[in-house]
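Each remark here refers to the structure printed beneath this line.
The values are calculated or read from the model by the stated rules, or taken from the named source; none is laboratory data. Please read all numbers here as calculations on a predicted model, not as lab measurements. Cβ atoms come from the backbone with ideal geometry, glycine included; neighbour counts cover every protein chain shown.
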Protein chains: 2
Amino acid sequence: MSRARLKRRPVDIAPVFAALGDRVRLSLLSRLKDGKPQSIVQLAEGFELTRQGVSKHLRVLEQVGVVTSERVGRESQFLLDPSRIHDARSYLDRVSEQWDDALMRLKMHVER
Amino acid sequence: MSRARLKRRPVDIAPVFAALGDRVRLSLLSRLKDGKPQSIVQLAEGFELTRQGVSKHLRVLEQVGVVTSERVGRESQFLLDPSRIHDARSYLDRVSEQWDDALMRLKMHVER
DNA sequence: TCGAATAGCAACCGGGAGGTTGCGTAATGG
DNA sequence: CCATTACGCAACCTCCCGGTTGCTATTCGA
């Protein structure tokens, strides 16, 4: 069970967080997490934004790999890709974990 | 002990992700996750930034509640607060979870 | 076939983010 | 006591982000 577990440097994960740091983009993700691919106009309805505005946001999400798009016919179908989200989650996991470990050690008076 | 478990709307968690979406700030968090409070000059060394630059980043992190600061003597001690990080993590958890559920339902042909 | 739908591209704009410099102030310690 | 340290505040600058408008290209469908 050699889990290679290759380490991702923080410099790589920052853009993912940046992409998630916008309420419009989070809402778009929320609309995509049901697994159904949707077009831009579908994703745009309900927002007080132009189609191009939504399109820009989708391209930001796509650039960091959180969503993927495929041109089918005259419309672009967008789909969520959870792998980067999983990366971000496990990064936060590691931070919390190390924090907990540090607290534990402090409480046990193991250091200093 | 009625744990109200009040639900955080996505609109609230976006600023946390935005604060995490910067490599400098992620590095600062990485320096703070050992549980030891550190001053600004301590946190600033190693960066190719001014002290004020680092100070601005720290204030961004503090504003969203990821770190806390306390003035002790002539220096400000910064400490990590993992609660917001935990919030962000569980938000991503929910996204992944709903994605997995949706995939499962699709695979079982329960819908469509 | 031809109008409507869907989307991409480019230009433009205002505001805020990231960063610096300069200065003032409180605490430290020799 | 006084130079030094650590910090905050404010002004300033540049650049990118979020958003719009206008135009063009492609595809659908009646």
Task: Selection count where residues are hydroxyl-bearing (S, T, Y) and within 13 Å of DNA strand D (Cβ to nearest atom), scope segment B:52-103 - done: 4
Task: Checking B:D34 against (1) without any contact (Cβ under 8 Å) to a residue 24 or more places away in the chain; (2) part of a helix (DSSP H, G or I), the condition it does not meet - done: (2)
TODO: Would you mention how many residues in segment A:75-95 are part of a strand (DSSP E or B) and either buried (at least 17 other Cβ atoms within 10 Å of the Cβ) or facing chain B (nearest Cβ under 8 Å) (or both)?
DONE: 3
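Each row is one residue, and each column tells you yes or no for (1) within 20 Å of A:S30 (Cα to Cα); (2) within 17 Å of the chain's Cα centre (by Cα).
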site	(1), (2)
B:A44	no, no
B:T50	no, no
B:G65	no, yes
B:G73	no, no
B:P82	no, yes
B:H86	yes, yes
B:D93	yes, yes
B:L103	yes, no
TODO: Read through the list (1) of a type outside the set (D, E); (2) within 30 Å of A:M108 (Cα to Cα); (3) away from DNA strand D (no atom under 13 Å from the Cβ), then give the number of the only condition that B:S39 fails.
DONE: (3)
Open item on the list: If I filter segment B:11-44 down to residues being surrounded by fewer than 17 Cβ atoms within 10 Å (Cβ to Cβ) and more than 30 Å from B:R74 (Cβ to Cβ), which single residue comes out as modelled with the lowest pLDDT?
Closed with: B:V11
Task: Top-ranked residue of segment B:45-54 - restricted to ones that are touching a residue at least 12 places away in the same chain (Cβ under 8 Å) and outside any helix (DSSP H, G or I), ranked as surrounded by the fewest Cβ atoms within 10 Å (Cβ to Cβ) - done: B:L49
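Let's see how each residue does on (1) closer than 22 Å to A:V16 by Cα; (2) away from chain B (no Cβ under 14 Å); (3) surrounded by fewer than 15 Cβ atoms within 10 Å (Cβ to Cβ):
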| position | (1), (2), (3) |
| --- | --- |
| A:K56 | yes, yes, yes |
| A:V64 | yes, no, no |
| A:E70 | yes, yes, yes |
| A:E97 | yes, no, yes |
| A:D100 | no, no, yes |
Task: Checklist (1) modelled with pLDDT of 95 or more; (2) more than 8 Å from every other protein chain (Cβ to nearest Cβ) applied to B:S2, failing item - done: (1)
